[in-house]
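What follows is a single structure, written as structure tokens, with notes after it.
The values are calculated or read from the model by the stated rules, or taken from the named source; none is laboratory data. None of these values were measured; they are calculated from a predicted model. Methodologically, a virtual Cβ is constructed for each residue, glycine included, from the backbone with ideal geometry; neighbour enumeration extends over all protein chains shown. Side chains are part of the model used for accessible areas, which takes the heavy atoms of the whole protein and leaves out ligands, DNA and RNA. Shrake-Rupley method; radii C 1.70, N 1.55, O 1.52, S 1.80 Å.
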Amino acid sequence: MMEITIVYDNEAKTGLKKGWGFSCYIETEDRKILFDTGWNGCALRNNLSTLNIPIEDIDILVLSHQHWDHIGGVPEILDANPDLDIYAPASFSEKLKNEMSAHSTLHEITEKCRICNNVFSTGELGNGPKEQSLILKTDTGIYAITGCAHPGLEAIVGAAAAEGDVHGIIGGLHDSQEYNMLNGLKFIGAGHCTSNIDTIRTRFPNAFVPIAAGSRFKL
């Protein structure tokens, strides 16, 4: 069993702060993972506190790609918890990688790899910006967690499908119109930068699930 909590998004539930960007918190049986940080570290920290998620408990920080709306909260996280492991694409700037490695243990991602039990990185995908997504193995199937899905759904869902039947996808889907890649999914938690969200909601009414900061799902 895993639980995922959206902690930063363009939309937010009552009592939480919203902002342009994305971040989610993933609890596995033995690890606590933060995926991306949104752009406003103060808002992220407020949301984590309101949701009773101590920053100090986070074991792993995964960064999808080097855009400000996904890494803006990194300083706040590292200030509160410098002892975590960071998994970031190797294509990040050398200055940023040097800064992060001065505070925490940095793992540079190029190829698909295991991050911890039942959690994998797709590896760097796409040509610009290069981006990694997460693959979660759960009792109900495979879930893909995306930042902005710049590399396209074919690449991301294809990487996830190599691990088993893809049950769902959560995160930003950007301008993607690869609707065929969503066929058969049971859970489509599209948020943040998904510009075609109304079309996705209409085409996949039984699978579409609105997400916002504060949304929690057991996978």
message: Is it the case, given these coordinates, that HIS167 is in contact (Cβ under 8 Å) with a residue 24 or more places away in the chain, closer than 30 Å to ILE53 by Cα, in contact with a Lys or Arg (Cβ under 8 Å, 6 or more places away or on another chain) and open to solvent by 30 Å² or more (accessible area, probe 1.4 Å)?
response: yes
The residue from HIS107, HIS150 that alone is modelled with pLDDT of 95 or more, within 29 Å of THR199 (Cβ to Cβ) and surrounded by 15 or more Cβ atoms within 10 Å (Cβ to Cβ) is HIS150
Going through the range 38-86 in order, the residues found to be within 21 Å of GLY15 (Cα to Cα), polar (S, T, N, Q), in contact (Cβ under 8 Å) with a residue 24 or more places away in the chain and surrounded by fewer than 20 Cβ atoms within 10 Å (Cβ to Cβ) are ASN46, THR50
Taking the range 125-147 and keeping only residues that are among the acidic types (Asp, Glu) and open to solvent by less than 40 Å² (accessible area, probe 1.4 Å), one is left with GLU131
The number of residues in the range 120-140 that are assigned to a loop (DSSP other than H, G, I, E, B) and either in contact (Cβ under 8 Å) with a residue 60 or more places away in the chain or closer than 15 Å to ILE169 by Cα (or both) is 7
Per the list (1) in contact with a strand residue (DSSP E or B) (Cβ under 9 Å, 6 or more places away or on another chain); (2) among the charged types (D, E, K, R); (3) under 21 Å from ILE115 (Cα atoms), residue check on LYS186 breaks on (3)
